[in-house]
Structures are given as C-alpha cells and as structure tokens.
Amino acid sequence: MRVLLVEDDAMIGDSIKISLMRDNCIVDWVRDGRMVETAVSTEHFDLVLLDLGLPGKSGLEILRGLRQKRESVPVIVVTARDAVDDRIKGLDSGADDYVVKPFDMDELSARMRSAIRRSTGRAEPDIRLHGLRISPGSREIWRDGVPVYLSGKEYAIFEALVIRPGNILSRDQLEERLYGWGDELDSNAIEVHIHAIRRKLGSNIIKNVRGVGYLVPKEKPAE
Ligand code: CA
C-alpha cells in the first residue's frame with residue numbers, strides 16, 4: 001500500500017518510514033503541513049499518517065481541509081501521550097483512528113489495515129473472491145485452498161486492485177503503488193507484473209479495459 005507520512009520530526013519520521021518500508025509499503029514523506037493537500041489531490045494514497053504538530057499548517061487544519069474537500073482517504077492521527085483533547089478533536093475532524101507516541105509499529109500496521117478495511121466497507125479481514133482468499137495482514141494468498149506466492153511488487157499491484165473489486169485503476173495509478181516519487185521505472189513493468197499475477201492466480205483474475213486501466217472483476221452474486 002502507498003502511505004503519505006506527514007511528520008516534521010526527522011528522527012521519528014525516519015524510523016516510521018523504515019518500518020513501513022520493511023512492511024512493503026511505499027512511503028512518501030512530507031514534513032510541511034502545507035504540502036499535504038497538494039500531495040493528496042495529485043497522487044493516490046491508501047492511507048495518510050498525520051502528525052498534529054506541524055510547521056506551516058497544523059494536522060487538525062489539514063484534516064478538516066481534506067474532509068471539506070470530500071477526500072475520503074483514511075487518516076490515522078499521531079498524537080502525544082497526554083494530548084487527549086487532540087485525539088478527540090482529531091476523531092471529530094474526520095480521522096479514522098489515532099496512535100499515541102511512542103507507538104508500537106506492529107500496532108500501527110494493524111490499525112492501518114483496519115482503517116483501510118473499514119474504508120472499503122469490509123468487516124471481514126480476509127478478502128474472498130473468484131476462488132481466492134487474500135489475507136492483507138500476512139499478505140498470504142490461497143487459490144482453491146493452495147498457497148500462492150507473489151513477489152512484493154506483484155502483491156502490491158494485486159492488492160491495490162482486489163481491495164476494491166470492480167474499480168478500475170490506470171497504469172499510472174498502479175505504477176504509483178510500486179514506486180515512490182522520483183524512482184525510475186520500466187515502461188512495461190506493470191504489464192510484466194500483471195502477466196505474472198495472471199499466470200499464478202488465473203488468466204481472468206485481472207481484466208484490462210483498453211485505454212483505461214485494469215480491474216479485478218466483482219464476483220457475480222449467486223443465482
Ligand atoms: Ca511534530
């Protein structure tokens with residue numbers, strides 16, 4: 001998943017970024033509150049991790065601004081231990097959840113997965129469709145009960161598509177899942193990965209909508 005990390009403290013930001021990357025997340029890190037709205041409106045993020053005390057614009061102002069613009073990206077607010085008031089204001093301003101500094105990275109990862117799950121209207125942790133079971137927590141996939149292994153990049157692409165079945169993502173949006181800002185990418189990287197995913201999970205699992213993008217089809221309701 002692709003995460004926008006908003007944190008002005010270099011040490012905290014660095015350690016969060018490293019942990020998230022170890023968790024296979026693509027992390028874009030901004031330190032100034034004024035950069036958040038532009039980032040969210042120009043790039044697709046699965047989640048925003050938002051510190052409240054920021055230069056330029058406070059976390060709460062940012063949050064209210066995003067929600068006023070109907071940006072529905074899940075936001076987890078990061079607050080100080082004694083700032084109960086901030087936590088309440090954060091949740092009231094449209095945050096999906098919060099973590100208290102210093103926090104455990106495993107707990108943060110679990111809260112991130114849960115916030116994304118709720119934002120997609122799913123109550124069950126595992127995704128089941130087309131004979132597949134996908135467990136975003138452990139990144140495990142089973143096809144008709146048999147485990148299937150995708151590479152990190154293949155998984156990132158597949159997860160982006162399967163989290164919202166029926167939703168088309170363009171090649172650019174998929175490329176964003178693979179690379180943070182400024183990284184080089186091969187022009188046919190997405191096609192190569194999708195070919196590998198189809199080979200492992202079935203040729204019809206990802207559909208190509210010519211000139212538009214890719215999707216994992218919704219499952220037809222049983223008749
Ligand atoms: Ca701060």
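The values are calculated or read from the model by the stated rules, or taken from the named source; none is laboratory data. Note that the structure is a prediction, hence the values are computed from the model and not measured. Glycine gets a Cβ as well: all are built from the backbone with ideal geometry, and neighbour counts include every protein chain shown.
List the pairs whose first member sits in region 1-17 and is among the basic types (Lys, Arg), whose second member is within 15 Å of the ligand (Cβ to nearest atom) and assigned to a loop (DSSP other than H, G, I, E, B), and whose Cβ atoms are under 9 Å apart, counting only residues at least 6 apart or on separate chains?
Within 9 Å, the pairs are Lys17/Glu7.
Looking at Ser109 and the list (1) within 22 Å of Asp23 (Cα to Cα); (2) outside the structural domain of Asp23 (by TED's automatic domain parsing), which single condition is not satisfied?
Of everything listed in (1) within 22 Å of Asp23 (Cα to Cα); (2) outside the structural domain of Asp23 (by TED's automatic domain parsing), Ser109 misses just condition (2).
Looking at region 69-93, I want the residues that are in the same structural domain as Val48 (by TED's automatic domain parsing) and crowded, with 18+ Cβ neighbours inside 10 Å and have a partner that is of a type in the set (Asp, Glu) and part of a loop (DSSP other than H, G, I, E, B) with Cβ atoms under 6 Å, at least 6 apart or on another chain. Which pairs are those?
Once the first residue is in the same structural domain as Val48 (by TED's automatic domain parsing) and crowded, with 18+ Cβ neighbours inside 10 Å and sits in region 69-93, its partners that are of a type in the set (Asp, Glu) and part of a loop (DSSP other than H, G, I, E, B) give Pro74/Asp96; Val75/Asp96.
Every residue in region 31-62 that is within 17 Å of Gly90 (Cβ to Cβ) and among the hydrophobic types (A, V, I, L, M, F, W, C), please.
Val36, Val40, Leu47, Val48, Leu49, Leu50, Leu52, Leu54, Leu60, Ile62 - these are the residues of region 31-62 that are within 17 Å of Gly90 (Cβ to Cβ) and among the hydrophobic types (A, V, I, L, M, F, W, C).
For residues that are among the acidic types (Asp, Glu), more than 28 Å from Tyr155 (Cα to Cα) and surrounded by fewer than 14 Cβ atoms within 10 Å (Cβ to Cβ), tally how many sit in region 3-59.
So the answer is 1.
When you scan region 1-111 for helices (runs of 4 or more DSSP H) that lie fully inside it, which ones turn up with 1 or more residues that are more than 16 Å from the ligand (Cβ to nearest atom) and closer than 30 Å to Arg171 by Cα? Can you show your working first?
Details: elements: 10-22, 36-42, 59-68, 84-92.
Passing ranges, in order: 10-22, 36-42, 59-68.
Within region 172-180, is even one residue farther than 24 Å from Asp96 by Cα, in contact with a Lys or Arg (Cβ under 7 Å, 6 or more places away or on another chain) and modelled with pLDDT of 90 or more?
No, that holds for no residue.
Looking only at region 143-172, filter to residues that are surrounded by fewer than 21 Cβ atoms within 10 Å (Cβ to Cβ) and in contact with a Gly (Cβ under 7 Å, 6 or more places away or on another chain); which one of those is nearest to Leu132 (Cα to Cα)?
Arg143
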